[in-house]
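Notes for the one structure printed next.
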Amino acid sequence: MSIHQVISAKVSLISVGDNEVLPTLLNPLRRKRQQVNVDGVSNTKACHLLLKNKGISPSIPPQSNSEYWKERHPRNEAVKELKEDKLAEWKKDRGYHKLSLAEIAMFRYKQLLNHKLTLRDDNDQVSETLASVKEMDSVIRLGVPVYQQTN
């Protein structure tokens, strides 16, 4: 059962690129991921290599000006769909719409919890943010119905 729980979070005090964030989010996970849905900013060779090494199928839509990579690269399938104007079908087939669940989680975080940091120290702000994410997960779990089969 999916309850749209946050399974990984990263707080950075500096601006970092997706090549740095994706490993930080994936490496601590104990559960095996079959597929990762990320936006086009992660459509880099480094991100694809990381996912390949972890045995994770990437679901990353190419940007409109994308070209093919080396022969038989998994990304080429998406580029082909883009060039044939079938990217919407590719997204549907890959379940790419699930990425919006992460965006919904961020919306919940900002709406349900105090979206302004109250602590002044950088390290304390990181702790405050991660504590808020954990609190949000607790609230979400409370709202998930428990089903019991009756005879």
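State all residues of the stretch 84-108 that are over 22 Å from His48 (Cβ atoms), among the charged types (D, E, K, R) and touching a residue at least 24 places away in the same chain (Cβ under 8 Å); if no residue qualifies, say none. Within the stretch 84-108, Arg108 is the sole residue that qualifies. Kindly evaluate Glu128 against the criterion of being at pLDDT 80 or above and open to solvent by 80 Å² or more (accessible area, probe 1.4 Å). Spelling it out, it is not the case that Glu128 is at pLDDT 80 or above and open to solvent by 80 Å² or more (accessible area, probe 1.4 Å).
For the stretch 37-51, the set of residues classified as modelled with pLDDT of 80 or more and either open to solvent by less than 50 Å² (accessible area, probe 1.4 Å) or touching a strand residue (DSSP E or B) at 6+ places or on another chain (Cβ under 8 Å) (or both) consists of Thr44, Cys47, His48, Leu50, Leu51, listed by residue number. Starting from residues that are outside any helix (DSSP H, G or I) and touching a residue at least 24 places away in the same chain (Cβ under 8 Å), keep the ones in the stretch 63-83 and report whichever is farthest from Leu49 (Cα to Cα). Residue satisfying both the conditions and the ranking: Trp69.
For the stretch 67-87, filtering for residues that are open to solvent by 80 Å² or more (accessible area, probe 1.4 Å) and not basic (Lys, Arg) leaves 7.
Among the numbered conditions (1) at pLDDT 80 or above; (2) within 29 Å of Phe107 (Cα to Cα), the only one that Lys83 does not meet is (2). Here Lys92 passes the criteria (1) closer than 26 Å to Ser138 by Cα; (2) open to solvent by 100 Å² or more (accessible area, probe 1.4 Å); (3) assigned to a helix (DSSP H, G or I) except the one numbered (1). Only one of the numbered conditions (1) buried (at least 16 other Cβ atoms within 10 Å of the Cβ); (2) modelled with pLDDT under 80 is not met by Pro61, and that is (2). Leu29 falls short on exactly one of the conditions (1) within 15 Å of Ala9 (Cα to Cα); (2) outside any loop (DSSP other than H, G, I, E, B); (3) open to solvent by less than 90 Å² (accessible area, probe 1.4 Å), and that condition is (2).
The values are calculated or read from the model by the stated rules, or taken from the named source; none is laboratory data. On a predicted model such as this, the values are computed, not experimentally measured, just so you know. Note: ideal-geometry Cβ built from the backbone for every residue, glycine included; neighbour counts use all protein chains shown. Just so you know, the surface numbers come from the protein's heavy atoms only, side chains and all, with ligands and any DNA or RNA stripped out. Shrake-Rupley method; radii C 1.70, N 1.55, O 1.52, S 1.80 Å.
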